[in-house]
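J.: Have a look at this one.
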Amino acid sequence: MRTYSLNTAAIPGARILEDTTGLLQVLVEEHTERILGASLHCPLSYEYINLFSLAMNQNLSFSTLKDMIYTHPSMMESLNTF
């Protein structure tokens, strides 16, 4: 297993919201890149929940989420940073 972590301060959307406290973590199965879970401690974390649920239920790889195009500035674009 591999854990990806990102401090909220690195997310442009968090800087716009002026709330850079927190951390995002995603637990990924190393060989398949299947998402096993996520810990979302950041502003607007509820926006991530549906995307992670969809990815987990459809067996999408973490790379699929990382390689998507997200709006700027937003919280979701943090996935491009992992």
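The values are calculated or read from the model by the stated rules, or taken from the named source; none is laboratory data. The model shown is predicted, which means the values in this text are computed figures rather than measured ones. Please note: Cβ atoms are built from the backbone with ideal geometry, for glycine as well, and neighbour counts cover all protein chains shown. Calculation scope for accessible area: heavy atoms of the full protein, side chains included, ligands and nucleic acids excluded. Shrake-Rupley method; radii C 1.70, N 1.55, O 1.52, S 1.80 Å.
J.: Would you point out the residue of the stretch 57-72, among those that are open to solvent by 50 Å² or more (accessible area, probe 1.4 Å) and either of a type in the set (Asp, Glu) or in contact with a Leu (Cβ under 8 Å, 6 or more places away or on another chain) (or both), that is farthest from ASN7 (Cα to Cα)?
T.: So in the stretch 57-72, the residues open to solvent by 50 Å² or more (accessible area, probe 1.4 Å) come out as 57-60, 64, 67-69, 71-72.
Applying the additional criterion that residues be either of a type in the set (Asp, Glu) or in contact with a Leu (Cβ under 8 Å, 6 or more places away or on another chain) (or both) yields 60, 67-68.
On the way: LEU60: 24, ASP67: 19, MET68: 20 Å.
Within the stretch 57-72, the match that is farthest from ASN7 (Cα to Cα) is LEU60.
J.: If we scan the stretch 73-81, do we find a residue that is in a strand (DSSP E or B) and open to solvent by 30 Å² or more (accessible area, probe 1.4 Å)?
T.: Filtering the stretch 73-81 down to residues in a strand (DSSP E or B) leaves none.
There is no residue in the stretch 73-81 that is in a strand (DSSP E or B) and open to solvent by 30 Å² or more (accessible area, probe 1.4 Å).
J.: Filtering the stretch 2-23 down to residues that are part of a loop (DSSP other than H, G, I, E, B) and at negative phi, which residue is surrounded by the most Cβ atoms within 10 Å (Cβ to Cβ)?
T.: ILE11
J.: Something else now. Scan the stretch 20-31 for residues that are under 13 Å from SER63 (Cα atoms) and at pLDDT 95 or above and jot them down.
T.: VAL26, LEU27, VAL28, GLU29
J.: Inside the stretch 50-70, can you point out the residues that are assigned to a helix (DSSP H, G or I) and touching a strand residue (DSSP E or B) at 6+ places or on another chain (Cβ under 7 Å)? Full working, then the answer.
T.: At the first step, the residues of the stretch 50-70 found to be assigned to a helix (DSSP H, G or I) are 50-57, 62-66.
Once the filter is applied, which keeps residues that are assigned to a helix (DSSP H, G or I) and touching a strand residue (DSSP E or B) at 6+ places or on another chain (Cβ under 7 Å), the stretch 50-70 yields PHE52, ALA55, MET56, PHE62.
J.: Scan (1) free of Cβ contacts under 8 Å to residues at least 12 places away in the same chain; (2) open to solvent by less than 50 Å² (accessible area, probe 1.4 Å); (3) aromatic (Phe, Trp, Tyr) for the single condition TYR46 breaks and write down its number.
T.: Going through the list (1) free of Cβ contacts under 8 Å to residues at least 12 places away in the same chain; (2) open to solvent by less than 50 Å² (accessible area, probe 1.4 Å); (3) aromatic (Phe, Trp, Tyr), TYR46 breaks only (2).
J.: Specify the residue that is nearest to the chain's Cα centre (by Cα); the eligible residues are those in the stretch 38-56 that are polar (S, T, N, Q) and closer than 19 Å to ARG2 by Cα. Talk me through it step by step, then tell me what you get.
T.: The initial filter retains those residues of the stretch 38-56 that are polar (S, T, N, Q), namely 39, 45, 50, 53.
Among the residues that remain, those that are also closer than 19 Å to ARG2 by Cα are: 39, 53.
Values: SER39: 9, SER53: 12 Å.
Here the residue is SER39.
J.: Also: For the stretch 24-43: of the residues being without any contact (Cβ under 8 Å) to a residue 24 or more places away in the chain and out of contact with any Ser or Thr (no Cβ under 6 Å at 6 or more places or on another chain), which is most open to solvent (accessible area, probe 1.4 Å)?
T.: Checked the stretch 24-43; the qualifying residue most open to solvent (accessible area, probe 1.4 Å) is HIS31.
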